[in-house]
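Novice: Here it is, the structure in full.
Values in this text are rule-based calculations from the coordinates and carry no lab data. Quick caveat, the model's predicted, so the values are computed rather than measured. So basically every Cβ, Gly included, is an ideal-geometry build from the backbone, and we count neighbours across all protein chains shown.
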Amino acid sequence: MSEPAAVDAPGQRPHPITHDGIRFGAAFYTEYQPSGRLDEDLDLMKEAGFTVIRVGESVWSTWEPEEGVFDLDWLQPVLDGAHARGIGVVLGTPTYAIPLWMKRLHPEVAADSASGVPMNWGSRQEMDFTNPAYLFYAERIIRRVIGRYRDHPAIIGYQVDNEPGIRLLYNRGVFQKFVDHLRHTYGDVETLNREWGLVYWSHRLSTWDDLWLPDGNFQPQYDLAWRRFQAGLVTDFIGWQAELVRELVPAGTFVTTCISYDQLGVEDVDLSANLDVASGNAYYEMEDSLAHPSTDPRSTGWIVKGTWALYQLADLMYSSKGAPFLITETNASSIGHSSLNFSPYDGQWRQAAWALVARGARMIEYWHWHTLHFGVETYWGGILPHSQKPGRTYRELAALGAEFARAGAAVAESLPQSDIAMLYDSDSKFALSSQAPFTAPGQYFDPDAYRRIFSSFYRGAFDAGLQVELVRPQQLFGARDATGVGSGGADDAGRGGPADPGDFAARHPVLLVPGFFTAGDDDLDWLDAYARAGGHLVLGPRSAYADREGRARTDVQPARLTEAAGLWYDEIANLPAPIVVSAADDSGFVLAEGAAATDWVDGLTLSGATELAGYEHLHFGRWSAIATAVRGSGRVTTVGTVPNQALAASLARWLVPSPVAGWTDLPPSVTVSSSLVPDGSAGAGASIYYLHNWSWDPQTVTTPLAVTDLLGDGEFGQGSTIELGPWDVRVFSTRVTKAKG
């Protein structure tokens with residue numbers, strides 16, 4: 001049988017967010033069902049308001065049960081049934097879960113978990129995705145599956161692979177590619193010796209063959225280069241699949257992947273540049289973890305904890321392309337294998353879904369339709385339980401589906417608003433995992449140090465009622481090489497050159513920059529130019545400390561910004577316990593009760609800046625905790641510690657005293673998010689407001705302007721009282737918009 005031919009070049013591909021509303025559905029695996037009930041399942045989906053399902057990405061051995069033997073017709077009834085019910089389909093390429101016959105015929109495709117140590121089988125993504133044999137079979141199965149269904153009218157898009165970058169590869173061939181990469185980057189070993197500081201501990205290379213294997217490496221410049229290289233492999237692999245699919249399919253369908261944002265091998269901005277839309281997982285703890293305000297510990301890992309962390313994850317997804325995104329997986333209830341089981345409180349499903357929509361999600365897709373009866377994820381809860389009989393989960397999500405049908409068209413046009421911008425840098429996250437400024441329980445370094453710093457500032461903004469827009473170095477500074485000098489032009493991922501600092505300052509008057517560790521000279525000069533142009537630049541710990549190689553700079557800190565900041569430091573310290581912080585006299589800086597410094601101190605010494613807050617401590621009191629200075633038409637404020645919740649919220653309220661949403665005097669458990677319909681859209685200028693009550697106690701809110709209830713029929717004049725029940729969400733518009741349904 002011949003390979004499917006490529007279709008005509010698709011030309012300019014449309015933006016994938018063209019659906020009239022919010023896509024709503026689940027991953028669906030009829031092949032996992034213990035009994036034939038396809039029509040029953042699809043009917044239940046239709047009744048629940050489903051508009052999308054994801055299929056096909058996990059079962060290569062079903063598509064190709066033996067090498068060269070294909071079974072491509074089994075999915076046809078699913079697509080036909082979905083189309084008959086008006087449900088769109090996202091078809092996945094099955095490249096992340098390879099069949100065992102490939103391992104038997106080509107044992108060399110196994111991923112090495114350490115040098116010379118192949119992974120055992122029984123998990124997933126056990127392969128070296130750079131291996132030529134694997135790539136041959138991957139291309140063949142993509143062409144067969146996509147070629148078989150590319151003309152089916154149910155298909156709205158394609159997902160290539162799934163959760164890429166789940167681990168680092170230590171295969172010998174991958175290591176040799178890394179050596180070649182270094183050779184092309186640095187030219188000769190003497191340059192590498194100098195740039196990496198390999199004189200230390202006698203690690204100078206005399207030939208490229210001297211480069212040691214990465215296992216157990218402690219040399220931080222090596223580690224940073226290794227992490228960047230691995231992320232580049234993942235980016236190239238997903239880009240290869242995306243382009244292959246585009247060759248085969250007509251215009252009008254989108255290509256994406258499902259990003260798990262916490263994986264080791266992911267740099268999501270570069271990866272998403274190869275996709276039509278960013279998509280990813282949004283897994284979160286439920287029950288009391290969604291209470292707000294809360295004093296829970298920091299959220300780490302791929303299951304986020306806390307309302308603020310759910311919003312931060314959504315803002316991270318939006319920042320991948322600076323555009324609306326798709327949720328390809330989110331939890332219906334329990335998560336994982338068998339030990340993390342939630343019984344969501346009534347209302348929490350719709351609360352979380354509308355929160356994600358408020359921050360730019362244009363699809364909410366649950367993992368998964370029915371709870372499995374076998375396999376590793378038997379107890380990962382689906383919409384249907386093991387009995388396969390619709391229960392509370394189904395009923396609550398069906399109610400959510402009805403809300404999306406009613407209000408989705410009105411909100412899907414809008415884009416999230418923000419009060420403050422924050423710079424999020426995956427590269428600094430890589431670097432600080434091996435140069436962490438703190439320990440973690442049982443570990444010498446905290447591998448999550450970057451997010452530990454960053455999240456403290458984000459959470460403070462959230463607690464202060466602010467909305468955050470995350471921006472990325474690639475989007476501000478353009479292409480960046482290992483030395484940090486921007487190219488000034490378009491890089492190979494299609495991003496443009498540096499943003500204009502003045503234009504950015506006009507759109508984003510406050511830019512918070514914590515943990516920006518691997519900053520290049522041009523990057524830091526851009527930040528200074530932003531302040532000069534009228535922006536308020538806020539520097540946090542570990543920003544402007546190292547260069548693009550992750551080497552400590554020889555400058556007085558903060559490097560290249562001491563004049564702009566009006567201060568300097570050359571001493572640092574860990575804090576084994578929090579230190580109380582007090583506001584400086586006549587500073588106008590108001591501190592919430594319990595404001596304290598945690599984890600870290602930069603010994604900020606003022607040379608023109610004005611102190612806002614200092615440490616109440618006999619030793620650390622010699623330094624400022626927070627100080628500010630005028631710079632050109634703008635300002636630079638420096639925070640020399642990791643703030644606790646109270647201090648971070650106090651800082652955020654000082655930075656932005658009047659949130660853009662405009663709703664004031666809210667009860668502590670109520671949050672307001674807002675989005676705006678941009679010019680050029682039907683209903684341009686309308687504002688959408690999402691009010692959440694994250695508690696058991698009913699609340700009342702007074703509206704500051706006239707609004708229309710998008711989930712009901714009411715209209716409320718300025719000064720009206722709005723009721724919020726326990727774990728409730730209400731959605732309003734400033735303009736009467738014709739609702740669907």
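Novice: For region 31-137, run through the GluC sites (Glu not before Pro) and keep only the ones in DSSP coil with at most 15 other Cβ atoms within 10 Å of their Cβ. Display every interim value, and only then the final one.
Specialist: On the way: sites: 31, 40, 47, 57, 66, 67, 108, 126; in loops: 57, 67, 126.
Qualifying residues, ordered by number: 67.
Novice: Between residue 20 and residue 345, what's the calculated FRET efficiency when r is the beta-carbon distance and R0 is 30 Å? Round to 0.05. Display every interim value, and only then the final one.
Specialist: Working: r = 31 Å, r/R0 = 1.05.
Result of the calculation: an efficiency of 0.45.
Novice: Rule-of-thumb check for the chain: C-alpha Rg over 2.2 N^0.38 Å?
Specialist: Working: Rg = 26.1 Å, N = 741, 2.2 N^0.38 = 27.1 Å.
Relative to the rule-of-thumb radius for its length, the chain sits at 0.96.
Novice: Roughly speaking, what is the stretch gain from residue 679 to residue 700, that is 0.36 nm per residue apart minus the C-alpha to C-alpha distance, in nm to one decimal?
Specialist: Numbers: separation 21, 0.36 × 21 = 7.56 nm, distance 3.27 nm.
This chain segment gains 4.3 nm when fully extended.
Novice: Based only on Cα atoms, what mean projected area does the convex hull of region 391-460 have, in nm²?
Specialist: On the way: hull surface 35.2 nm².
Projected area, direction-averaged: 8.8 nm².
Novice: When the dipole is taken about the Cα centre of the chain, and only Lys, Arg (+1) and Asp, Glu (-1) are charged at their Cβ, what size is it in debye, to the nearest 20? Before the final figure, lay out each step's value.
Specialist: Numbers: 55 positive and 90 negative charges, 115 e Å.
Dipole size: approximately 560 debye.
Novice: On to the next question. Among bridges DSSP assigns within the chain, what percent are antiparallel (round to 5)? Write down the numbers at each step before the final one.
Specialist: Numbers: 57 of 101 bridges.
For the chain, the DSSP antiparallel bridge percentage is about 55.
Novice: What FRET efficiency would be calculated for the residue pair residue 577, residue 618, taking the C-beta separation as r and a Förster radius of 25 Å, to the nearest 0.05? Numbers along the way, then the final one.
Specialist: On the way: r = 14 Å, r/R0 = 0.57.
Result of the calculation: an efficiency of 0.95.
Novice: Roughly how many debye, to the nearest 20, is the charge dipole of region 670-733 about its Cα centre, given +1 on each Lys and Arg Cβ, -1 on each Asp and Glu Cβ, and no other charges? Please list the in-between numbers first.
Specialist: Working: 1 positive and 7 negative charges, 28 e Å.
Dipole about the Cα centre, nearest 20: 140 debye.
Novice: Can I ask one more? Rounded to the nearest 0.05, what FRET efficiency is calculated for residue 715 and residue 507 with R0 set to 35 Å and r the Cβ-Cβ distance?
Specialist: Working: r = 32 Å, r/R0 = 0.92.
After rounding to 0.05, the efficiency reads 0.65.
Novice: Count the lysine pairs in the chain that are 8 or more places apart or on different chains: how many have C-alpha atoms under 22 angstrom apart? Could you put the intermediate results ahead of the total?
Specialist: Working: 46/389; 46/740; 305/429; 321/429.
The result is 4.
Novice: Note down the Stokes-Einstein diffusion coefficient of region 420-655 in µm²/s, whole number, using a Kirkwood radius over alpha carbon pairs, 4 °C, and 1.567 mPa s.
Specialist: Values: Rh = 17.6 Å.
After rounding, the answer is 73 µm²/s.
Novice: Taking 7 Å along the Cα-to-C-beta vector as the label spot, tell me the residue 69-residue 402 distance in nanometres, rounded to one decimal.
Specialist: Between residue 69 and residue 402, the simple spin-label model gives 5.0 nm.
Novice: Something else now. Using a 7 Å offset from the Cα along the Cα-to-Cβ direction at both residue 167 and residue 658, what is the distance between the two label points in nm, to one decimal?
Specialist: Modelled inter-label distance: 5.5 nm.
Novice: Using mean Cβ contacts within 10 Å as the protection proxy, how do 319-325, 213-219, 433-439 order, highest first?
Specialist: Numbers: 319-325: 21.1, 213-219: 13.6, 433-439: 19.1.
Taking the mean over residues of other Cβ atoms within 10 Å, the ranking is 319-325, 433-439, 213-219.
Novice: I would also like to ask the following. Which of 327, 626, 335 comes first, and how do the rest follow, when ranked by fewest Cβ neighbours within 10 Å?
Specialist: Working: 327 26, 626 29, 335 22.
In increasing order of surrounding Cβ atoms, one gets 335, 327, 626.
Novice: Restrict the search to region 658-737; then list the chymotrypsin sites (Phe, Trp or Tyr not before Pro) that DSSP places in a loop and that have at most 16 other Cβ atoms within 10 Å of their Cβ.
Specialist: On the way: sites: 663, 689, 690, 694, 696, 716, 727, 732; in loops: 663, 694, 696, 727.
Here the chymotrypsin sites (Phe, Trp or Tyr not before Pro) that fit, given the DSSP loop and packing criteria, are 696.
Novice: Determine the principal axes of the Cα atoms in region 143-266, then give the extent along each, sorted from largest to smallest and rounded to whole angstroms.
Specialist: 63, 27, 21
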